[in-house]
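Scroll down for the structure; my scribbles are underneath it.
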Amino acid sequence: MEDDPTCGPIIDDIAIKKLFTPDRPKDNAVVNGDFEEGPWMFRNTTLGVLLPTNLDEEISSLPGWIVESNRAVRYIDSYHFSVPQGKRAVELLSGKEGIISQMVETKADKDYQLTFSLGHANDKCKQPLAVMAFAGDQAQNIHYAPNSNSTFQGATVNFTAKAERTRVAFYSVYYNTRTDDMSSLCGPVVDDVRVWFSAAWRNAYGGLFGVGIGFWALLLVLV
């Protein structure tokens, strides 16, 4: 069958953006875990930006991350979608065929926590929504079930690092579509991804607890 010369794709509003990789926060092993750095997004773009497969972290359109699947994921903004925090997030499409991942720096045999926000883009996506979250050799199926006053929830995966670099990854458990047309792909939203050194949390809270006891002891002595 010959191609129809009277039809084809339409290209408009072309933009080129210089990307940079944000510095890794001191208290987070994940680079660009809030997804604030990413491709250019036109203000009148109501469908987000599709990020195709890219296995090279150095030239990824989502700095720090790679799309290691054969289907795209969607980069969304807070002007047209519900975003857990900040102005940008990632919506996972196509089930196991839409995976984002990052290799983070860790210390072998140390305990860590992978934390992230899981949400609904408020784009009429049919539920249930769930993600499979990976951290090293740990994998956890997390369903979206927020309270009635929120469109997102926090999630945690505990793991012990086996090497100096650990892979964290996410994909949608289900193949979701929108309720208004039952054909447009959609899925759970992931944002604010962090990998914490668990001992830092214990030390931080322990330090605050110790300071609190010292303060009250000093106050009693003065009284």
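Please treat every number below as a calculation from the coordinates, not as lab data. Note that the structure is a prediction, hence the values are computed from the model and not measured. Please note: Cβ atoms are built from the backbone with ideal geometry, for glycine as well, and neighbour counts cover all protein chains shown.
Tell me, which cysteines of the chain are without a disulfide-compatible partner by the Cβ under 4.7 Å rule?
Singleton cysteines: CYS7.
Report, to the nearest 10°, how far helix 198-222 tilts away from the longest principal axis of the Cα atoms in the chain, using its own Cα long axis and a range of 0 to 90°.
40
Which loop-located trypsin sites (Lys or Arg not before Pro) does the range 1-72 contain, where loop means any DSSP state but H, G, I, E or B and the Cβ has at most 12 other Cβ atoms within 10 Å?
In loop regions of the range 1-72 (DSSP not H, G, I, E or B), the sparsely surrounded trypsin sites (Lys or Arg not before Pro) are LYS17, LYS18, LYS26, ARG43.
Just GLY154, GLY187, GLY119 to compare: in a GNM of the chain, with alpha carbon springs under 10 Å, which one fluctuates most?
GLY154
Give the Rg (one decimal place) followed by the Dmax (whole number) of the chain, computed from C-alpha coordinates and expressed in Å.
Reported Rg and Dmax, both Å: 20.9, 94.
Report the calculated FRET efficiency for LYS110 and ASP12 (r = Cβ-Cβ distance, R0 = 45 Å), to the nearest 0.05.
So the FRET efficiency works out to roughly 0.35.
Would you please state which residues of the range 76-103 a label at LYS124 would reach in this model, taking the label point 7 Å out along Cα→Cβ and a backbone N cut-off of under 18 Å?
80-82
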